[in-house]
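Let me begin by presenting the structure, written as structure tokens, before commenting on it.
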Amino acid sequence: MKHWTARAHNRPVRPREGNRGQAILMVTLGIVCLMGLMGLVVDLGWNYYRKQVGQAAADSAVMAAIVPAVSAGTITCNSGGIVCQSATICSAAATGNFLVACQYAQQNGIPYGNMKVAANTTTPFNGAAVSYWVTATVTENLTPTFMQVAGFRSTTVAASASAAVVSTGGTGGGCIYALDPSAAQAFYLNGANLSVTCPVYLNSSNPTNAFTLNSANAYLKATGSGGITMPSGAGVQCSGCGCNNVSPYTGGNGGNACPTPARASAAADPLASLPAPSVGTCNSLTSSGTGWSWSNLSPAQTLNPGVYCGGINIGGGNVTFNPGTYILNGGGLKIQGANTTVSGSGVFFYNTSSGYTAGPLLMSGQPNVNFSGPSTGTYEGILFMQDHNVCPSSQHAINGNTNIEFSGSIYLHCTKTGSNYVAQNLLYTGQSTSGHYSALVVDTLQINGMSNLILDPTGGQNTGIGLGGGSKGYLIQ
């Protein structure tokens, strides 16, 4: 008799058609939601990026717009390139400092039609006492890529910034300081036309000729907050020019060559707190103490920061200085000759003498020189500093220099006393144009030709000297 055994057959169970459709629908909805979320992130990210672009453009625009007002001294609406107006859309027809603001925004990726600029001399501005303010507002309509699915056809991003000119108080920051307390001809214009947009401080109390203009061709042209301040009793000598005390000088020939000096106590050294750098040991290439010298026309040379015992003497060819501090232990810095081209950005020279013979700063003979001091750090804005306790008897000179451009302060001051004191005199002829700001802090100064010194609008980044009683531009909102 046969026995039958039942066997189980493992067959897959097919789902119902309705459940399968629901699963597909859920997956589809999930993908749609995920894509929508990704699209939202992309659109919001793009909006944020464009807002940041707009903010950068507004910030740069307002800071550029107030630069003329910072150095103007007296600010007058719609005069001297300083515009006052209600919020107005940028265009190529903008004028004065507004055109500069609009151009800065355009360079930062914002078309003219997307920015409005307003300005006035209203004081205060949002509670801040200011002399002049500028506000820029950037708006941009964007068409979203993915958010249109959710019904968003356009979005708008906006950014704004305000900058103002604020008085900094204090005794004022100039671009010429002659610190000798008693020298004759401490400030000497040798047939020179000196134009300044910054204060000139003269400390000599010499009763005869603390300030000397030696001919009818010598004059001091003072604009903006410029002028000369000197001690009571200090004498002004104006040989052959018939000084008639016109201040500020506004043009003309010799008869109007002498501005009336303001009288005040001696000015403090504006760089007195500047520390001396550590000297250290000589670089190997100058260990002999003969210095580094180059007079060949080729090949081009590159110098690095370090201690140069015996100094640096360049009399021909092309030499580039890499950024940093150059210690001149003896020998000084000499750059001479029309066939000489020298350049360096962010360079600081310290002139001292420890075991080597001190030398001067000397640029002459029409060399091509383009220097700028450091833009940050301890020696921000300082190009050349003389060791206060090393006082060379040889004269410093930046002369015959129609091809010399530099941004930074020249600081030549001797603090020795009695018979050890040797006034550090600078013989100077220099052109300074917008973008090249310099200051001269010396014991005595002789100007030998047409020179032009412009107030540093940064408050010290270019010269290391704060604006003091002048004004400074701030981003205030």
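Some observations on this one:
- Restricting the stretch 413-422 to residues that are among the polar types (S, T, N, Q) and either assigned to a loop (DSSP other than H, G, I, E, B) or in contact with a helix residue (DSSP H, G or I) (Cβ under 9 Å, 6 or more places away or on another chain) (or both), the residue that is surrounded by the fewest Cβ atoms within 10 Å (Cβ to Cβ) is T417.
- Matching option when the condition is over 28 Å from the mean Cα position of the chain (by Cα), modelled with pLDDT under 80 and assigned to a loop (DSSP other than H, G, I, E, B), among N217, N209: N217
- Selection status of S278, more than 18 Å from Y411 (Cα to Cα) and either surrounded by 19 or more Cβ atoms within 10 Å (Cβ to Cβ) or in the same structural domain as N370 (by TED's automatic domain parsing) (or both): no
- Any chance Q301 is of a type outside the set (A, V, I, L, M), closer than 30 Å to V200 by Cα and free of Cβ contacts under 8 Å to residues at least 60 places away in the same chain: no
Here is a yes/no grid of residues against (1) under 25 Å from T378 (Cβ atoms); (2) surrounded by 23 or more Cβ atoms within 10 Å (Cβ to Cβ):
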| site | (1), (2) |
| --- | --- |
| T286 | yes, yes |
| W292 | yes, no |
| N296 | no, no |
| T302 | yes, no |
| G311 | yes, yes |
| T325 | yes, no |
| N339 | no, no |
| V347 | yes, yes |
| N351 | yes, yes |
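- Against the criterion of being assigned by TED's automatic domain parsing to the domain that holds H413 and more than 20 Å from Y428 (Cα to Cα), P360 does not qualify.
- Residues in the stretch 423-457 that are of a type outside the set (S, T, N, Q), within 23 Å of F348 (Cβ to Cβ) and part of a loop (DSSP other than H, G, I, E, B): G430, G435, H436, Y437, D443, I454, L455, D456, P457.
- Enumeration of residues in the stretch 424-442 that are surrounded by fewer than 22 Cβ atoms within 10 Å (Cβ to Cβ) and modelled with pLDDT of 90 or more: L427
- Hey, A56 surrounded by 21 or more Cβ atoms within 10 Å (Cβ to Cβ), out of contact with any Gly (no Cβ under 8 Å at 6 or more places or on another chain) and at negative phi or not: no
- Condition broken by S288, with the remaining ones in (1) among the hydroxyl-bearing types (S, T, Y); (2) touching a helix residue (DSSP H, G or I) at 6+ places or on another chain (Cβ under 6 Å); (3) outside any strand (DSSP E or B) satisfied: (2)
- Any hit, the stretch 366-379, residues being buried (at least 20 other Cβ atoms within 10 Å of the Cβ), on the phi > 0 side of the Ramachandran plot, under 25 Å from the mean Cα position of the chain (by Cα) and at pLDDT below 95: no
- Residue check, A64 among the hydrophobic types (A, V, I, L, M, F, W, C) and within 20 Å of Y112 (Cβ to Cβ): yes
The values are calculated or read from the model by the stated rules, or taken from the named source; none is laboratory data. This one's a predicted model, so the numbers in the text were calculated from it and none came from an experiment. Cβ atoms come from the backbone with ideal geometry, glycine included; neighbour counts cover every protein chain shown.
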